[in-house]
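First the structure, in the form of structure tokens, and then the observations on it.
The values are calculated or read from the model by the stated rules, or taken from the named source; none is laboratory data. Since the model is a prediction, treat every value here as computed from it, not as a measurement. A quick note on method: Cβ atoms are made from the backbone with ideal geometry, for glycine too, and the neighbour counts reach across all protein chains shown.
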């Protein structure tokens, strides 16, 4: 598993990532073009992500449900922009039970259409609203160039779909969800994100407003990490989601949709990982601490294992997700490398001398080598480890925030922008025209990420065309 | 929702079921042939089912993972019986991203093949075993005649897939899982089940042994409610899952697979439901108790709601899954019918007189009318309700067990068997030949359900051909 070194990030970031995902046991390539297998270790991480989000959605009144994986092709054509956006990416079922189908079915790329169809059946009165439904599962988009977690033909996500009586309520919902996504990234994934509105060209197919959270990876490229859309009555009109309002007047519902996908795992890898492997945030890590007993012979083993087993039990009883590595066919050095590759936040080493001295060695994953090593008493070890986990979590967020802030540059000159986005993000006034956005994309290979909600009080001029401009936008190369 | 009465079960059991599933808000028909939408109320029930099972699987060392939804068609052909069993039921993707695919892909009907393929990559040494992986999700089988939850083209389930070093270990796993399934049915779903071995013709395609749990529905038809299979080395040979054993000899792994699907929800409906609607077992019910405040005017409302809110909060704080029905646009009678339709185990009614007397009325769903009604003090209500929920749970299991036992008949005469299976199950000696099984299927329209593990100590003669026979089998009409 951890025999050979990874390429360093500086040598080849893309290859570092590709090898790391597989060697850390997160995922594997599937024998189906563009698809992945999420291995148990990766899926356990995904379960920690999903349970936090699911709990937050439930606290805010959302419920889960399940809609079919297959969607009639005709459904996509009901919303003009939606079909243009998704038709080229569909996987299509043409045969079922040995017969050619009368109507072809798409493996869902997203479920606005089929959920819109059902909502039109379920919604009759204002009393039926809001409808706040989330679906957990996978979707399929036929991608040509794939990368595990970041871009695969099939990926895992939740998709929230809500219908409301008014524009105001629907927009509130869109922002409420974006706030949950931001809190998830900050508190759980330790990833600093920037909230804002997407440009017209970067909007979801069929949306009136798309908001996003954007994160900076180690290579300074941006990753859109979650989106929340407001559709106005676009989908309600396409699917006839209508209700009698309090004045008994037939009214179109206002709808939203939103998602975070398994690509957030890719983000965690690319934000926190180092040249030795993954660095997982303690709040989400499937294994928060690993106990590695160290011994050279049976006599030592007996003494060490007695203490190691006791410590393991104590930490486990305190609710720490802990693993005992008592493998007898690999060396301690191999084990250290192995758990570093997998990003376990804290390693507890216990050798014969520790048994005598009543101590253990703790190694924190975010600070490799001597800097992250401490020798502590076995007394009160549970609290020591808990505090260390809290500290690792906070340090990861701090480090990522400082790194990001140091690499976002205020620019007010187009030549500077072109230079800055080679190795960072540019933050600049922009007139919000498609034309200027396109020019930056072609000449600087950077896209607009989002227009942050909080803007400077002053106004400026568009960095491309020089026209007066009210809002600044982030420009960056992106995944 | 509950305006018109359901047909009674005696009048038309099938129509009673079809209407009930929709009117209780469990599920709806999808606009895709043979598929269903599981509505939030039904999905909340499924989540309670899955979280119990997931916890039990994790306690016994299993981990979750995710494999692709699409499987190359060639994979099915690697195991002869498997392809014969599943080929006629496949939904087939022929196009992706606007191009015809070089190799067609099936939407998974079950995942032995693709998981077998991955296991062959992952398993090298006896140290890599056992592999104990569970996948939660949906699968697709192109069914012609569908019925919500019981038989739909797409359905929800978990599928466990394990690989072991020896036949003994693999068989132990198969039985361990069947025991978990039995405990789930008894303790959670309040459904008595019979464990046993399926006949050769009723086996899963590719299995050497299929074990099942079988339940009796209200109409006395059988429902196979869960299965656990032992494959020997069939799939290991087909997919080359080989390992070096402790003697350094290349050996084929022994594999199992097992599943419970969303059809268990259909079983709960058909075992416990009555002519007024669903009757859900308290341990799994999404709503365990509903508070219905009763008032005629604003003055009464104020008094009643104060107490109702307090009681709601107390019961909620005690961990009871509780709902307040304070709708002001429907009558109390409508509410009672509505919650009966949805099978909520306990209803807490509070009117102005209850406020004066410090009492509430409790109605238990399993005993309709006066028999199930009690008037109790508001003091200690949490314990009263908790005890009542425990009692409802136990009563449901007791009633279903008595009903089943009263409708299973020991028979030793072929003519009796033909009569008995018209309205019950027959339990009879059988020589285990396909020929005699086929005869019963053709002449009595009954199939063998399973051969129970615990057999009478005596031996007998086959009920069809009269040959000496060692084991008895259940014969029944089945879903």
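The one condition from (1) more than 8 Å from every other protein chain (Cβ to nearest Cβ); (2) modelled with pLDDT under 95; (3) not in a loop (DSSP other than H, G, I, E, B) that residue B:2 does not meet is (3). Among the conditions (1) modelled with pLDDT of 95 or more; (2) under 31 Å from the mean Cα position of the chain (by Cα); (3) at negative phi, the only one that residue A:361 does not satisfy is (2). Out of the residues in the range B:111-156 that are assigned to a strand (DSSP E or B) and away from every other protein chain (no Cβ under 12 Å), state the one that is farthest from residue B:61 (Cα to Cα). Filtering the range B:111-156 for residues that are assigned to a strand (DSSP E or B) and away from every other protein chain (no Cβ under 12 Å), the one farthest from residue B:61 (Cα to Cα) comes out as B:147. Screening the range B:290-372 for helices (runs of 4 or more DSSP H) wholly inside it with 3 or more residues that are over 21 Å from residue B:274 (Cβ atoms) returns the ranges B:298-317, B:352-357. Restricting B:383, B:412, B:423 to those that are more than 21 Å from the chain's Cα centre (by Cα), surrounded by fewer than 19 Cβ atoms within 10 Å (Cβ to Cβ) and under 30 Å from residue B:360 (Cβ atoms) reduces the list to B:383.
Scan the range B:281-297 and tell me whether some residue there is surrounded by fewer than 17 Cβ atoms within 10 Å (Cβ to Cβ) and under 23 Å from residue B:386 (Cβ atoms). No, every residue in the range B:281-297 fails to be surrounded by fewer than 17 Cβ atoms within 10 Å (Cβ to Cβ) and under 23 Å from residue B:386 (Cβ atoms).
The residues listed here are A:163, A:170; of these, the one that is in contact with a helix residue (DSSP H, G or I) (Cβ under 7 Å, 6 or more places away or on another chain), within 29 Å of residue A:232 (Cβ to Cβ) and not in a loop (DSSP other than H, G, I, E, B) is A:163. Taking the conditions exactly as written (in a loop (DSSP other than H, G, I, E, B), touching a strand residue (DSSP E or B) at 6+ places or on another chain (Cβ under 9 Å) and modelled with pLDDT under 95), does residue B:9 satisfy them or not? The answer is no for residue B:9. When residue A:30 is tested against (1) under 20 Å from the mean Cα position of the chain (by Cα); (2) without any contact (Cβ under 8 Å) to a residue 12 or more places away in the chain, only condition (1) is not met.
How about the range A:324-346: which of its residues are touching a helix residue (DSSP H, G or I) at 6+ places or on another chain (Cβ under 6 Å) and either modelled with pLDDT under 95 or buried (at least 22 other Cβ atoms within 10 Å of the Cβ) (or both)? Once the filter is applied, which keeps residues that are touching a helix residue (DSSP H, G or I) at 6+ places or on another chain (Cβ under 6 Å) and either modelled with pLDDT under 95 or buried (at least 22 other Cβ atoms within 10 Å of the Cβ) (or both), the range A:324-346 yields A:345, A:346.
Looking at the range A:390-408, can you tell me whether even one residue there is buried (at least 16 other Cβ atoms within 10 Å of the Cβ) and over 21 Å from residue A:182 (Cα atoms)? No. Scanning for something within 30 Å of residue B:268 (Cα to Cα), touching a residue at least 24 places away in the same chain (Cβ under 8 Å), more than 12 Å from chain A (Cβ to nearest Cβ) and out of contact with any strand residue (DSSP E or B) (no Cβ under 8 Å at 6 or more places or on another chain), does the range B:85-107 turn up at least one residue? Yes, some residue in the range B:85-107 is within 30 Å of residue B:268 (Cα to Cα), touching a residue at least 24 places away in the same chain (Cβ under 8 Å), more than 12 Å from chain A (Cβ to nearest Cβ) and out of contact with any strand residue (DSSP E or B) (no Cβ under 8 Å at 6 or more places or on another chain). Scan the range A:428-475 for residues that are in contact with a helix residue (DSSP H, G or I) (Cβ under 9 Å, 6 or more places away or on another chain) and part of a strand (DSSP E or B) and jot them down. Residues satisfying the conditions are A:428, A:430, A:447, A:448, A:473, A:475.
Screening B:37, B:22 for residues that are over 25 Å from residue A:32 (Cα atoms) and either surrounded by fewer than 17 Cβ atoms within 10 Å (Cβ to Cβ) or more than 7 Å from every other protein chain (Cβ to nearest Cβ) (or both) leaves exactly one candidate, B:22. Taking the numbered list (1) within 25 Å of residue A:189 (Cα to Cα); (2) crowded, with 22+ Cβ neighbours inside 10 Å in turn, residue A:93 passes all entries but (1). In summary, strands (runs of 3 or more DSSP E) completely within the range A:180-250 and bearing 3 or more residues that are touching a strand residue (DSSP E or B) at 6+ places or on another chain (Cβ under 7 Å) and crowded, with 23+ Cβ neighbours inside 10 Å occur at A:209-216, A:222-232. So, in the range B:48-80, of the ones that are in contact with a strand residue (DSSP E or B) (Cβ under 9 Å, 6 or more places away or on another chain), in a helix (DSSP H, G or I) and without any contact (Cβ under 8 Å) to a residue 60 or more places away in the chain, which residue ends up farthest from the other protein chains (Cβ to nearest Cβ)? The qualifying residue farthest from the other protein chains (Cβ to nearest Cβ) is B:76.
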